[in-house]
1. Using +1 on the beta carbon of Lys and Arg, -1 on that of Asp and Glu, and nothing else charged, what's the dipole of the chain about the Cα centre, debye to 20?
2. Which of Thr136, Pro116, Ser201 sits closest to the plus end of the dipole of the stretch 116-247, meaning its Cα is farthest towards the positive end, when Lys and Arg get +1 and Asp and Glu get -1 on the C-beta?
3. Once the Cα atoms of the stretch 13-70 are picked out, what are the Rg and Dmax in Å?
4. Could you tell me the relative contact order of the stretch 88-202? Use alpha-carbon pairs under 8 Å, at least six residues apart, and round to a whole percent.
5. Can you tell me how much longer the chain between Glu120 and Tyr75 gets when fully stretched, taken as 0.36 nm per residue apart minus their C-alpha distance, in nm with one decimal?
6. As I understand it, the dipole of the chain uses +1 on the Cβ of Lys and Arg and -1 on the Cβ of Asp and Glu, about the Cα centre. Which of Asn146, Tyr22, Ile52 lies farthest toward its positive end?
7. What ranking do 160-170, 69-79, 47-57 get when scored by the average of other Cβ atoms within 10 Å per residue, highest first?
8. Just grab the label-to-label distance for Ile209 and Ser100, each label 7 Å out from Cα along the Cβ direction, in nm (one decimal).
Amino acid sequence: MGNVRNTKYGYGIGFQPTEFVYASLVIKGGSNIVFSFNLFNSSNCSWCDSVISSSECIGCVGIKKKSYCILNKQYGKEEYEVIAKRIREEMGTVGFLPPSFSAFAYNETAAQDHYPLTKEDALQKGYRWQDNIPMTRGKGTLRWENIPDSIHDIDDAILKEIFECRLCSRNYRAVEAELVLPRKLLLPFSRICPQCRMGDSNRKRLPYILWHRQCMCAKDSHGHTGTCPNEFETSYAPDRKEIIYCESCYQAGVI
């Protein structure tokens, strides 16, 4: 990420001069972007998806080198400004589209991975919930308990098998890379499906929360007497076991 400033609640922002981005994903070049996804060199856009080299757009998808567009329809500058003002006023100060606009249930999206909710909480917040997420079960040709423990005992023929996840019983296949890395690092072949692996990885990440903490360094050699007085924000909660240093104490300890 580079050449980025004044960005909030954004992910995958930058690689070209980018500024004034709010609640948006994958914005590469441009400015004044809100509630949008996958925009390239575009400016003054709201609620847009996959827009390239365009400006003054609202609710547009898949357009290129356009200006003054609303829902992919092009207007004159004066008419656009009148309609755009009314849309923004009716959307209110929050700006997010209501959950009913989502094409997917909450537990079918990445939101469930990063901000998990129970079915009851999701429904209370107005989200849909999918009880029957598409998958197959009972079609496996090799159960997880029959997979050899040693990676040395597994040959490429295993890539033709259909597996059954040890955790959720979902059927899945493996790709060649899932053999290459375990063979290189001498790791066992996985017995859980990609979805469960990703969920396990997400649960091990630090939460999207910052706590106000004080440096825990007590080494006089780091330029302070007693415990370091520096305070900072960190994603490590106070009840975690890790010892947290400020930047200067950390650098003094590793350099």
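Any read-out appearing in this document is the output of simple, stated calculations on the displayed coordinates, not a laboratory observation. Since this is a predicted model, take the numbers as computed values, not measurements. Note that we place each Cβ from the backbone using ideal geometry, even for glycine, and neighbour counts take in every protein chain shown.
1. Its charge dipole is roughly 360 debye.
2. Most positive-ward Cα: Thr136.
3. 9.2, 27
4. For the stretch 88-202, the relative contact order is 21 percent.
5. Going from the current span to full extension adds 11.8 nm.
6. Ile52
7. So the peptides 160-170, 69-79, 47-57, ranked by packing, come out 47-57, 160-170, 69-79.
8. 3.2 nm
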